[in-house]
Amino acid sequence: MKFPISPQIRSVHFPPITEVKGWLAERPADPDRPLVDLCQAIPDYPPARELTEHLKGLLDDPLVAKYSPDEGLPEVREAVCARYRRIYGAGPVPGQLCLTVGASQAFWLAMVTLCRAGDEVIVQLPAYFDHPMALQTLGITPVYAPFIEAREGVPSVEGIAALITQRTRAILIVSPSNPTGAVTPPETIEKLHRLAARRGIALVLDETYSDFIAGGTAPHNLFADPHWCDHFVQIMSFGKTYALTGYRAGLLTASEEFIHHALKAQDTMVVCQPRLTQLAVQYGVDNLDDWVAANRHMMERRHDLFRSEFARPGNPFQLVASGTFFGWVRHPFPGRTGREIARRLVREAGILCLPGEVFGPELEGYLRLAFGNIRAEEIPGAVERFRQFPID
């Protein structure tokens with residue numbers, strides 16, 4: 001290549017999952033010790049069979065291969081709004097929704113609509129790595145709220161308030177957290193919303209994993225406020241909810257004015273969410289509440305078993321925070337990076353996970369474990385590999 005690449009994109013971290021999966025080539029063949037993949041949060045179960053059968057029956061319709069309106073089909077957005085009312089007791093109207101190509105594209109839409117290059121967004125650590133990567137690509141400065149281990153990943157409202165400056169445009173929270181699994185309590189979310197309102201900024205809440213909150217309780221009560229959209233932007237995904245990660249089923253929820261301007265970027269990015277994806281979402285929100293609840297219960301059982309096994313005496317790794325999809329672990333090697341230890345775990349224990357530092361600065365002492373790929377019967381043996389890992 002004989003032409004320059006933008007220095008801004010050169011400074012952005014390479015996709016961590018791609019990097020970590022590249023380490024598999026270093027792993028010696030060991031048929032007696034199969035790989036334990038705790039790297040990526042992908043459900044190991046397929047979509048509901050009735051959803052798949054429903055989509056098969058639509059493929060002969062030539063309309064399915066055509067564009068939809070940029071924001072999505074009206075009937076799909078109405079069905080999604082009905083689901084909000086079932087879960088939250090209140091929710092947006094169709095004009096306050098834009099269906100997106102995954103939650104990641106919803107995040108880009110939110111940021112380019114909120115911010116200019118040079119603006120700041122407060123990001124709670126540990127951060128989902130795609131968020132700082134996107135902000136840095138856009139020339140937006142992430143201002144990090146530190147991870148406080150004693151709080152087990154729950155944000156400090158006072159700490160975030162102290163970080164707000166004249167350049168701040170938003171507070172970004174992911175709940176349940178990726179990577180810690182921690183659920184931000186509704187009262188904390190409400191305090192952050194009030195803080196955003198006082199300071200004239202937005203609370204951006206990524207709820208990609210909200211359908212896996214233990215007990216199935218509503219994540220917050222913000223939609224009950226008739227003025228919720230004055231200072232609230234929500235990012236959502238149905239990829240994990242309906243095991244449709246490859247369909248890229250995301251959603252942006254905000255005021256009608258915000259969505260109006262976001263559609264300018266939507267049209268230049270992707271035009272619209274694929275129509276087949278929209279029809280999959282519509283079927284899911286109309287028919288699969290019980291299926292989703294059953295999978296949430298299954299993920300709760302996996303998490304509870306993993307947590308109890310991990311906490312048994314003799315494990316040098318410490319589970320600091322966790323939830324139904326993730327565990328955030330302090331490794332027992334002071335002064336050594338998470339990347340170094342994660343790479344050793346691949347080679348020496350056949351465990352694939354992510355190093356803490358890809359989730360933000362000063363997190364080299366941690367590892368992220370994802371529970372989507374590991375079945376309950378595999379959990380005791382997987383944890384035993386951590387327990388037996390040599391400490392040198």
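For this structure, a couple of remarks:
- Every pair of residues 6+ apart whose Cβ atoms lie under 8 Å, when the first sits in the range 226-240 and is within 18 Å of residue 85 (Cβ to Cβ) while the second is surrounded by fewer than 24 Cβ atoms within 10 Å (Cβ to Cβ) and among the β-branched types (Val, Ile, Thr): 238/285
- Enumeration of residues in the range 134-158 that are assigned to a helix (DSSP H, G or I) and crowded, with 19+ Cβ neighbours inside 10 Å: 134, 135
- Residue ID - farthest from residue 174 (Cα to Cα), chosen from residues in the range 357-391 that are touching a Gly at 6+ places or on another chain (Cβ under 7 Å) and among the acidic types (Asp, Glu): 364
- Meets criteria (under 26 Å from residue 32 (Cα atoms), assigned to a helix (DSSP H, G or I) and β-branched (Val, Ile, Thr)) for residue 358: no
- Top-ranked residue of the range 270-314 - restricted to ones that are of a type in the set (Lys, Arg) and more than 22 Å from the chain's Cα centre (by Cα), ranked as least open to solvent (accessible area, probe 1.4 Å): 275
- Residue within the range 288-299 that is in contact with a His (Cβ under 6 Å, 6 or more places away or on another chain) and farther than 22 Å from residue 380 by Cα present: no
- Within the span defined as the range 347-356, every residue fails to be within 21 Å of residue 215 (Cβ to Cβ) and modelled with pLDDT of 95 or more.
- Matching entry among 29, 82 (being open to solvent by 20 Å² or more (accessible area, probe 1.4 Å), in a helix (DSSP H, G or I) and farther than 28 Å from residue 128 by Cα): 82
- Residue ID - nearest to residue 71 (Cα to Cα), chosen from residues in the range 238-266 that are open to solvent by 10 Å² or more (accessible area, probe 1.4 Å) and hydroxyl-bearing (Ser, Thr, Tyr): 255
- Residue identified as of a type in the set (Gly, Ala, Ser) and touching a helix residue (DSSP H, G or I) at 6+ places or on another chain (Cβ under 8 Å) among 216, 200, 246: 216
- Scanning the range 363-380 for residues being surrounded by 13 or more Cβ atoms within 10 Å (Cβ to Cβ) and either part of a loop (DSSP other than H, G, I, E, B) or without any contact (Cβ under 8 Å) to a residue 40 or more places away in the chain (or both) gives a total of 7.
- Any chance residue 76 is in a helix (DSSP H, G or I), open to solvent by less than 40 Å² (accessible area, probe 1.4 Å) and in contact with a helix residue (DSSP H, G or I) (Cβ under 8 Å, 6 or more places away or on another chain): yes
- Of all residues in the range 319-337, those that are free of Cβ contacts under 8 Å to residues at least 24 places away in the same chain have Cβ atoms under 7 Å from Cβ atoms of residues that are open to solvent by 30 Å² or more (accessible area, probe 1.4 Å), 6 or more apart or on another chain, in 319/307; 319/311.
- Residue in the range 329-337 that is in contact with a Phe, Trp or Tyr (Cβ under 8 Å, 6 or more places away or on another chain) and crowded, with 22+ Cβ neighbours inside 10 Å present: yes
- Pick from the range 190-217, criterion more than 15 Å from residue 174 (Cα to Cα) and under 20 Å from the mean Cα position of the chain (by Cα), ranking: surrounded by the fewest Cβ atoms within 10 Å (Cβ to Cβ): 215
The values are calculated or read from the model by the stated rules, or taken from the named source; none is laboratory data. Model, not experiment: these values are computed from the prediction. All Cβ positions, even for glycine, are placed from backbone atoms using ideal geometry, and neighbour counts span all protein chains on display. For accessibility, only protein heavy atoms count, side chains too; no ligands or nucleic acids. Shrake-Rupley method; radii C 1.70, N 1.55, O 1.52, S 1.80 Å.
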